[in-house]
Amino acid sequence: MTLARVDDLRATAGSAILVDGVSFEVVAGEVTALVGASGSGKTTSALALLGEHGGGVRLDGRVEVGGEVVVDSNGRTQADVRGRVVAYMPQHPGSALNPARRIGTTLRELAKLHDGDVEEAVRVAQLPGDRATLKRFPHQFSGGQRQRVALAQALTCGPRVLVLDEPSTGLDSITRLQLVQELRELTGTGLGILLLSHDLDLVRALATRVVVLDAGRVVADVLPASPDLPATGTSTGGQPLLEAMNLSASLRPRGRDVVLRDVAVEVRAGACLGIVGRSGSGKTTLARCLAGLHERHTGRIRLDGEPLPVLRNRTREQTRRVQYVWQEVRGSFDERRPVDQQVARTAQRLRGLPAQQAREEAQATLARLGVAAITAARPPSRLSGGELQRAALARAVLANPDVLICDEITTALDDRGTALVLDLLTELKTRGTGLIWIGHDLGLVATVADQVLVLDEGRVVEQGPPATLTTEPHHELTRRLVAAARIGAPQSPPVLSIDTRSEPRR
């Protein structure tokens with residue numbers, strides 16, 4: 001049974017064509033996947049199921065969900081199906097969570113409104129259902145955990161169609177494999193899922209139908225194979241550039257909710273330290289401590305042998321030398337200013353470059369990462385998640401840092417975007433920049449890093465060269481991460497959806 005049907009959908013913003021003649025359907029008990037590069041129109045197409053669109057965007061075409069017309073042939077929004085028929089989990093979970101409310105309170109209110117089941121939603125989303133977890137606020141969860149909280153919110157509404165925008169973002173390989181199993185169970189109950197993803201392994205494992213988008217059009221193509229990424233490890237020697245010793249951190253005052261316990265790290269010039277672990281293991285807290293953003297910590301952090309204070313006490317030069325790229329980047333941009341201006345501002349403020357020179361350098365770096373000048377001149381809300389993620393990296397790179405901390409910076413990128421990022425970071429390493437690469441994908445981290453550190457419940461449980469960890473893991477968590485590094489192939493190949501009414505754009 002078809003639960004949702006999109007026919008000849010078009011979306012325009014002024015003279016710009018965002019989506020051009022896209023058609024697809026979501027069937028009960030099946031997963032339909034929208035696949036394409038950042039900015040290809042996946043999110044715009046998916047939001048049409050809810051009759052929603054970005055500011056200044058006009059929809060044309062016809063959208064039906066659950067037998068109700070959501071968008072008519074004149075582009076007018078009709079039925080309101082959000083929550084009661086369709087639930088949407090956004091790519092950036094922070095936009096779906098109320099920072100001032102405990103998650104348990106929100107889930108219970110949604111369940112009361114939609115006759116949902118909080119306990120079952122929390123179970124499927126792989127969250128602990130204990131009272132302590134439900135009393136937490138969103139900021140007290142890791143990025144991957146916030147993703148699961150947002151999923152629990154969507155499931156609590158009891159929808160017939162579930163739209164998942166990059167649901168594996170921020171998830172470690174073990175949790176991602178569990179997510180596949182849970183979503184298969186959901187489709188077994190008759191739920192229809194629309195999956196938006198650049199994670200081709202996830203798509204192959206789940207999707208029955210695949211719609212490949214390119215520049216807003218459905219194209220006659222097959223799922224591309226994941227390319228072999230170049231190895232960038234160099235095993236550079238020398239004294240540590242940045243080091244932390246006996247580092248412990250907590251979420252609340254007086255040492256309550258400890259999330260890091262006696263961690264030691266060393267980052268050398270021209271080398272990359274990889275940090276992996278399950279969601280909630282303390283990876284982001286460690287990154288924020290090194291960047292000076294998490295003040296509830298004990299231990300020593302040194303840069304070139306000198307004490308490195310928290311960010312508010314760092315000099316401008318210390319700030320320039322240690323840069324941090326956030327996992328959830330949208331909240332780090334000012335929605336009122338064009339992205340390229342914000343990227344250029346880093347070079348002006350921290351390096352003293354004139355405005356024009358900083359702008360030219362910003363545009364060149366963005367272009368190298370695949371973000372065109374016309375795109376970068378827009379406000380953050382007009383960029384896709386992958387484009388904004390690359391803009392955040394460009395902003396940090398413009399400081400010419402000695403140490404660059406990268407927290408899950410490829411989660412919203414397709415393979416081409418990831419390759420562009422790796423190419424730039426490889427060049428930075430050759431210049432002597434020390435990198436910290438935090439990721440949930442052990443395979444990718446092993447490709448990039450010279451040394452890998454495995455965190456579990458705030459402690460370092462194993463560390464060493466990536467070749468050793470991936471071939472001879474000793475700790476049980478490391479063995480599980482290696483085993484779950486790639487999701488298995490689906491039982492049957494997905495059906496490719498092709499728009500046969502018009503030729504692909506040249």
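Could you figure out which of (1) within 24 Å of GLU317 (Cβ to Cβ); (2) outside the structural domain of THR284 (by TED's automatic domain parsing) isn't true of ALA372?
For ALA372, the failing item is (1).
For residues in region 109-134 being within 22 Å of GLU328 (Cα to Cα) and of a type outside the set (A, V, I, L, M), which is surrounded by the fewest Cβ atoms within 10 Å (Cβ to Cβ)?
THR133
Return only the number of the condition from (1) among the acidic types (Asp, Glu); (2) assigned to a helix (DSSP H, G or I); (3) touching a residue at least 40 places away in the same chain (Cβ under 8 Å) that GLU335 does not satisfy.
The failed condition is (2).
If we scan region 156-165, do we find a residue that is part of a loop (DSSP other than H, G, I, E, B), of a type in the set (Asp, Glu) and either under 21 Å from the mean Cα position of the chain (by Cα) or modelled with pLDDT under 85 (or both)?
No; the residues of region 156-165 include none that is part of a loop (DSSP other than H, G, I, E, B), of a type in the set (Asp, Glu) and either under 21 Å from the mean Cα position of the chain (by Cα) or modelled with pLDDT under 85 (or both).
Considering each residue of region 456-506, count those that are within 24 Å of LEU444 (Cβ to Cβ), hydrophobic (A, V, I, L, M, F, W, C) and either touching a helix residue (DSSP H, G or I) at 6+ places or on another chain (Cβ under 8 Å) or modelled with pLDDT under 85 (or both), and give that number.
10
When you scan region 425-440, how many residues do you find that are surrounded by fewer than 24 Cβ atoms within 10 Å (Cβ to Cβ) and in a loop (DSSP other than H, G, I, E, B)?
3
Please verify whether SER279 is over 30 Å from ALA367 (Cα atoms), modelled with pLDDT under 95 and surrounded by fewer than 20 Cβ atoms within 10 Å (Cβ to Cβ), treating the condition exactly as stated.
no
Just to be sure before I move on: is LEU34 crowded, with 23+ Cβ neighbours inside 10 Å and farther than 19 Å from HIS198 by Cβ in the structure I sent?
no
Where in region 1-108 are there strands (runs of 3 or more DSSP E), lying wholly inside it, with at least 2 residues that are under 25 Å from VAL329 (Cα atoms)?
Output list reads 16-27, 31-35, 86-89.
Which condition from (1) within 22 Å of THR175 (Cα to Cα); (2) of a type outside the set (Phe, Trp, Tyr); (3) surrounded by fewer than 22 Cβ atoms within 10 Å (Cβ to Cβ) is the one that ASP407 breaks?
Among (1) within 22 Å of THR175 (Cα to Cα); (2) of a type outside the set (Phe, Trp, Tyr); (3) surrounded by fewer than 22 Cβ atoms within 10 Å (Cβ to Cβ), ASP407 violates only (3).
When you check THR418 against the structure, is it assigned by TED's automatic domain parsing to the domain that holds VAL452, farther than 28 Å from ALA13 by Cβ and among the polar types (S, T, N, Q), yes or no?
Spelling it out, it is not the case that THR418 is assigned by TED's automatic domain parsing to the domain that holds VAL452, farther than 28 Å from ALA13 by Cβ and among the polar types (S, T, N, Q).
Quick one: would you say LEU171 is modelled with pLDDT of 75 or more and among the aliphatic types (A, V, I, L, M)?
no
State whether the residues of region 135-149 include one that is out of contact with any Phe, Trp or Tyr (no Cβ under 7 Å at 6 or more places or on another chain), aliphatic (A, V, I, L, M), crowded, with 18+ Cβ neighbours inside 10 Å and not in a loop (DSSP other than H, G, I, E, B).
no
Take ARG312 and decide whether it is crowded, with 20+ Cβ neighbours inside 10 Å, in a helix (DSSP H, G or I) and not polar (S, T, N, Q).
The answer is no for ARG312.
Is there any pair linking a residue in region 241-263 that is touching a residue at least 40 places away in the same chain (Cβ under 8 Å) to one that is of a type in the set (Val, Ile, Thr) and part of a helix (DSSP H, G or I), with Cβ under 7 Å and at least six apart or on different chains, and which?
Cβ pairs passing all conditions: ALA249/THR285; VAL259/THR285; LEU260/THR285.
Residues being in contact (Cβ under 8 Å) with a residue 60 or more places away in the chain and either in a helix (DSSP H, G or I) or of a type in the set (Phe, Trp, Tyr) (or both): count how many of those fall in region 398-422.
6
Go through region 448-476 and count every residue that is surrounded by fewer than 21 Cβ atoms within 10 Å (Cβ to Cβ), in contact (Cβ under 8 Å) with a residue 24 or more places away in the chain and in a helix (DSSP H, G or I).
Of the residues in that region, 1 qualify.
Using the structure shown, decide if ALA355 is out of contact with any strand residue (DSSP E or B) (no Cβ under 7 Å at 6 or more places or on another chain), among the small types (Gly, Ala, Ser) and surrounded by fewer than 22 Cβ atoms within 10 Å (Cβ to Cβ).
yes
Has region 130-142 got at least one residue that is within 24 Å of ALA33 (Cβ to Cβ) and either out of contact with any His (no Cβ under 7 Å at 6 or more places or on another chain) or among the hydrophobic types (A, V, I, L, M, F, W, C) (or both)?
For region 130-142, residues within 24 Å of ALA33 (Cβ to Cβ) and either out of contact with any His (no Cβ under 7 Å at 6 or more places or on another chain) or among the hydrophobic types (A, V, I, L, M, F, W, C) (or both): absent.
The values are calculated or read from the model by the stated rules, or taken from the named source; none is laboratory data. All figures in this text were calculated on a predicted structure; none of them were measured in a lab. Cβ: placed from backbone, ideal geometry, glycine included. Neighbour counts: every protein chain shown.
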